[in-house]
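A.B. asks: Mind looking over this structure? Questions follow.
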Amino acid sequence: MFEKELKSFPEDRAVEKIVEDVEEFIPLSENLFRDVNIGTYTAASKDIEPVKAPDIGDYRNSISQNPLYASQPESDVPQTGTRIEKKSSKGKLTIFLSFFIVLILMISVYFIFLSPFSKIHGGGSAISIVPNFSSQLINGTTVLFTDVSNVSTATVDNWIWDFGDGNISNDQNPVHTYSGIGYFNVTLILISNGKEYNTTKTIHVYNVDDIDNDGYENSVDLFPYRDAMLRFQISRFMVKDQVYNSIEDQDIARVYFAVYELFNYSVDENGSVINWNQSEPYFIPNYVATVNISTLVNASADWNTLINVQDNVALHVINVRAYVYNPENVSLPLVLDLDGNDSTLGLTLFYNLTTGEFYGDDNDGVVDGSEDGIVDDMDCYLEYSVKTV
């Protein structure tokens, strides 16, 4: 068919005719490649030497002058030149994004499941356990302990309480009675998923019915929150008369003071205390001080004593005595006159624990034994203070 039609067409037109006829038989999915650089053609193309193998674009070549090529789907065609470079850049971006996503996932898994800051571990149990507890005295020395830890009780496998006195408990909120008062180091241990979390606190245990533990219940205690005491303080004193007959000791005195609390006493019509019982002496100072006769002595700050008096009564009676060491009879010291009344023994005071007021042989904190006018006795001048602490 082709040879017949070529006879009636010029040479160039003949080639074009052949191409047109061929294209009529080429499906739409195929491509015809023509060499348009060769000036002379024959119908059979026998005089044309294939000088190149055209690159069709999918890594397949042909040595025909005008090859027929069936194209592949675009996704299956390897790209060359600029198209290959574009696909290479796109591939690198895809790899980078994939690596970045994987890295983010790995970091997320660490912080969610493995990090010490994670709240999920061991199948969902909380590891951010912060143990804590409170304590409350409820009766006597009985204490209620309450677990107030920052954790759900469902995640705690066991509670261990160490009360600091040798006793333990596995209750969540135990009640414990101490045998005595004092300070105790209490430890709470929480066990979760085989791990221990603990905290320790020091608590003060006292008798809630007798807060200051002085033996007097709060309802009758004048000072329920502290054990009130009486403090007697000496500020200055002077031994006015000679006490020793020896020449070497005639100008000195070896002196000390003692304070007694009086009980079960009676008071006569003159207001003097008679028929009493007395406590053990509280010495001021706790040694014998050698001083010069007729010389005013400034006592140091430690010249005081504390008397643990009863807190359930306000009025207390104390007796203060000034003693001089007796070398002739060590067990029988000489007594100095403090209040100017030789018929009484020392200085007797009625002291009100709540108001701090006192009366008796004195009411202003200054006494002088020489005020009685008697010259042949041994007198002492004294400045002092009494107060509740």
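A.B. asks: Most exposed first by the Cβ proxy, i.e. fewest other Cβ within 10 Å, how do Thr199, Thr153, Thr305 rank?
C.D. replies: Ranking Thr199, Thr153, Thr305 by Cβ neighbours within 10 Å, fewest first, gives Thr153, Thr199, Thr305.
A.B. asks: Further question: For the charge dipole of region 230-388, defined by +1 on Lys and Arg C-beta atoms and -1 on Asp and Glu C-beta atoms about the Cα centroid, which residue among Thr344, Val255, Thr388 has the Cα displaced farthest towards the positive pole?
C.D. replies: Among Thr344, Val255, Thr388, the one farthest towards the positive end of the dipole of region 230-388 is Thr388.
A.B. asks: Taking the Cβ of Phe133 as the centre, find all other residues whose Cβ is under 14 Å away and add up their charges (Lys, Arg: +1; Asp, Glu: -1).
C.D. replies: Here the charged neighbours net out to -2.
A.B. asks: Let me spell out the model: positive unit charges on the Cβ of Lys and Arg, negative unit charges on the Cβ of Asp and Glu, origin at the Cα centre of region 288-368. What dipole size does that give, in debye rounded to 20?
C.D. replies: The calculation lands at about 240 debye.
A.B. asks: Next up: Order the peptides 202-209, 100-107 from the highest to the lowest mean number of other Cβ atoms within 10 Å of their residues.
C.D. replies: Most protected by this proxy first, the peptides run 202-209, 100-107.
A.B. asks: Full extension from Asn270 to Ile95: what is 0.36 nm times the residue separation minus their Cα-Cα distance, to one decimal in nm?
C.D. replies: Taking Asn270 through Ile95 to full extension adds about 51.7 nm, to one decimal.
A.B. asks: Give the calculated FRET efficiency between Thr290 and Asn245 to the nearest 0.05, with a Förster radius of 22 Å applied to their Cβ-Cβ distance.
C.D. replies: It comes to 0.85.
A.B. asks: Suppose the chain between Thr202 and Ser169 were pulled fully straight at 0.36 nm per residue; how much longer would it get relative to their current alpha carbon spacing?
C.D. replies: 10.2 nm
Here, each number is a calculation from the coordinates, and none is a lab measurement. Bear in mind that the values here come from a model prediction, so they are computed numbers and not experimental data. Here the Cβ is made from the backbone with ideal geometry for all residues, glycine too, and neighbour counts use every protein chain on show.
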